[in-house]
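Presented below is the structure to which this report refers.
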Amino acid sequence: MHQYEMNTYYFATVTNGLETVLGAEIEERGIARRDMKYERGKVVFKALEETNRLKTLRCADNIYCIVAEFTVGAYKSDLAHMASNMKKLNWNRLAVEFSKSSRDIRVSTSRRGKHTYSRFDMKETIEDVLEKDGFVMSQDDHALCVRADIEEAFCRVSIKLTEAHFRFRGDTRIYSRGSIRPTVAAALVRISKPCKDDVFYDPFCGAGTIPDERAQLPARRILASDIEEEVVLKAKENGKGGTIVFRCDARKTPSQSESIDRIVSNLPWNKQIAVENVRKLYMEFLAEANRILKPNGWIVLLTDCHEEITKASEENGLCLSALYELSLHGLHPKVYKLRKVNIQ
């Protein structure tokens, strides 16, 4: 078993498909010192930083400190080896270092590979070790949160650093039907390569998740609109100021021609938002987007209506590139980038 120095090695979880986007954010902020690697839904890295700085990562769902790694077999009898390794860790020290409630603890587990035991067997094994060490199993937010992940013959043990609502920017934000998580919205904003002189626009803003993430960075102007009055009110309530939120049809906006630098939006797709004719909506929306987009502007869109977005792009003279394929709730939308055809 290899035990790591505390506050040295970490991993951040992220929506599957956006690992490199989070990695770029980590590097840009100067957090990762070396040894960054990508795993499915995770970015693993070494950092010598205050944990509070790690919590400023906006594309990360949660941050974990890695405390140990070891091999484990595929059979249920091999869980005894896992228990033996767990006993070697100094849980009292870890509780003091990472938890506000030093005797309360909760365990989460995952397993991927061909094993004769389940993640629930793993959880029971770890909880038995910790209970014998005097810890009390708890679901309290201040309990020490221990995570064990098995990938084939490899087990990683980590401590969760972030609170329950970290990925949702607290527990007071209002969401609407079809909303994406703020961490996905932050990734879409990063993909658009925002600049401080941009005029930014989300024409399907819903409760305003994307423009609120854009507002974390300097911009000339941030615009957001939706056709539904109810969600426009939610967007205004969620916003912290600086964003111009209004009601309009994305197919006929009040924006002047060639006035927008970046259009970034989570389009209606799948069955999250009922649309009578998705193909017609995309066709008419992209015609309007092409009108209001500056010649050197970009569009970044999230949708799983791949045929519809491809056809609408072709018909409206836009060059379409699929950049990332995500895994969201069992669905596989893609992040697309669109530019006017005559722009290289």
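Of note:
- Largest first, the three principal axis extents of the alpha carbons in segment 210-344 are 36, 36, 26 Å in whole numbers.
- Virtual spin-label span in nm between GLU276 and LYS294, 7 Å along Cα→Cβ: 3.7
- Site pair LEU233 and ARG112 shows an inter-label distance of 4.3 nm when each label is modelled 7 Å from Cα along Cα→Cβ.
- Ordering of 126-135, 38-47, 258-267 by packing is 258-267, 38-47, 126-135, highest average first (other Cβ atoms within 10 Å, averaged per residue).
- Radius of gyration over Kirkwood radius for the chain, both on Cα atoms: the Rg/Rh ratio is 1.04.
- Listed peptides 183-191, 13-21 appear in the order 183-191, 13-21 once ranked by packing, highest mean of other Cβ atoms within 10 Å at the front.
- Accessible area (Å², per residue) of segment 157-263, counting only protein heavy atoms and a probe of 1.4 Å: 46
- Span from the segment 9-51 Cα centroid across to the segment 292-316 one, whole angstrom: 30
- Between ARG103 and GLU39, the C-beta separation translates, for a Förster distance of 25 Å, into a calculated FRET efficiency of about 0.20.
- Prolate/oblate/rounded label for segment 274-344 (Cα gyration tensor, a/c 1.5): oblate
- √(5λ) per eigenvalue of the Cα gyration tensor, segment 1-60, largest first, Å: 18, 14, 10
- The count of lysine pairs in segment 31-171 that are at least 8 places apart or cross chains, and whose C-alpha atoms lie under 14 Å apart, stands at 8.
- Per-residue extension of 0.36 nm, minus the Cα-Cα distance of SER327 and GLU131, leaves a gain of 67.0 nm for this segment.
- Taking the convex hull of the alpha carbon positions in segment 107-170 and averaging its projected area over all directions gives 5.1 nm².
- Figure legend: label point modelled 7 angstrom from the Cα of ARG220 along Cα→Cβ; residues of segment 185-204 with amide N under 13 Å from it are 195-201.
- Of all lysines in the structure, the ones whose alpha carbon falls short of 16 Å from that of LYS193, not counting any fewer than 8 places away in one chain, are LYS294, LYS337.
- Take the convex hull of the alpha carbons in segment 147-233; its mean projected area over all directions comes to 8.0 nm².
- C-alpha long axis of helix 19-28 to longest principal axis of the chain, angle in °: 90
- Ellipticity estimate at 222 nm from DSSP helix runs (n ≥ 4, -39,500 (n - 2.57)) divided over the chain, nearest 500: -8000 deg cm²/dmol
- Shown is the FRET efficiency for SER138 and TYR4, computed with R0 = 25 Å from the Cβ-Cβ distance and rounded to the nearest 0.05: 0.50.
- Segment 72-127: radius of gyration and largest Cα-Cα distance (Dmax), Å: 12.9, 37
The values are calculated or read from the model by the stated rules, or taken from the named source; none is laboratory data. All values reported here derive from a predicted model rather than from experimental measurement. When we count neighbours, we look across all protein chains shown, and the Cβ atoms used for this are built from the backbone with ideal geometry, even at glycine. Ligands, DNA and RNA are stripped out before the accessible areas are found, and what is left, the full protein with its side chains, is counted by its heavy atoms. Shrake-Rupley method; radii C 1.70, N 1.55, O 1.52, S 1.80 Å.
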